[in-house]
Amino acid sequence: MSVFRPFKLMALLCVLLALVLDLVALLSPAWVTAEHFSLSLWESCTESAVRNEAEEAVKTCFSTLTSDWQIATLVLLMSGAAATLVTFLVSMIWMCRDTRTNQYRTVAVLLFTAVVLQACALVLYPIKFIDSSVLQTYHEFNWGYGLAWGATIFMLGGAVLFCLRTDLYEDATY
């Protein structure tokens, strides 16, 4: 008699959720916001202040891909997302083939690599933003930045679940 422990399936769901969160975080228009200012991974926008009600606020945006640290952050995040996508596809293929070979450690190592890449990017971003910021007003890291941390946490959870070896003691115990 064998007991079904769906650790690998839960790991796959964690990786899928991490991919979705990572994609939304990468495309998010709001990583840092302040009054009349927003910064994403792709562009920085400022909105002119309205002096009277007859005027409309003018929003001007420019690319953020001119700064080295912003390019490095984007490359690290996209590398982590690519490693997570490869992890998801490989583990999905192995689950569908129903092989008895436990290649999930390889997947877990790749996923731990993605976690390190993401964490480096998410630590680099606020440090370099505050270091190079010309904002003299209150600013906050917004939902895009938070989603990227959420994706990283789900990647870590998936990697830990892929590391669990239930096949060693399952047959001997039951």
| said: Just to verify a result, which residue in segment 34-59, among those that are open to solvent by 30 Å² or more (accessible area, probe 1.4 Å) and in a strand (DSSP E or B), is modelled with the highest pLDDT? | reply: 43
| field | Filter pass, residue 24 being in contact with a Ser or Thr (Cβ under 8 Å, 6 or more places away or on another chain), in a helix (DSSP H, G or I) and either surrounded by 15 or more Cβ atoms within 10 Å (Cβ to Cβ) or at pLDDT 90 or above (or both) | value | no
| said: Considering only segment 60-70, I want to know if a residue exists there that is among the aromatic types (Phe, Trp, Tyr) and either part of a helix (DSSP H, G or I) or within 23 Å of residue 147 (Cα to Cα) (or both). | reply: yes
| Going through segment 117-156 one residue at a time, which ones are under 20 Å from residue 35 (Cβ atoms), open to solvent by 60 Å² or more (accessible area, probe 1.4 Å) and aliphatic (A, V, I, L, M)? | 130, 134
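The values are calculated or read from the model by the stated rules, or taken from the named source; none is laboratory data. Quick caveat, the model's predicted, so the values are computed rather than measured. Glycine also receives a Cβ, built like all others from the backbone with ideal geometry; neighbour counts cover every protein chain displayed. Side chains included, ligands, DNA and RNA excluded: accessible areas come from the protein's heavy atoms. Shrake-Rupley method; radii C 1.70, N 1.55, O 1.52, S 1.80 Å.
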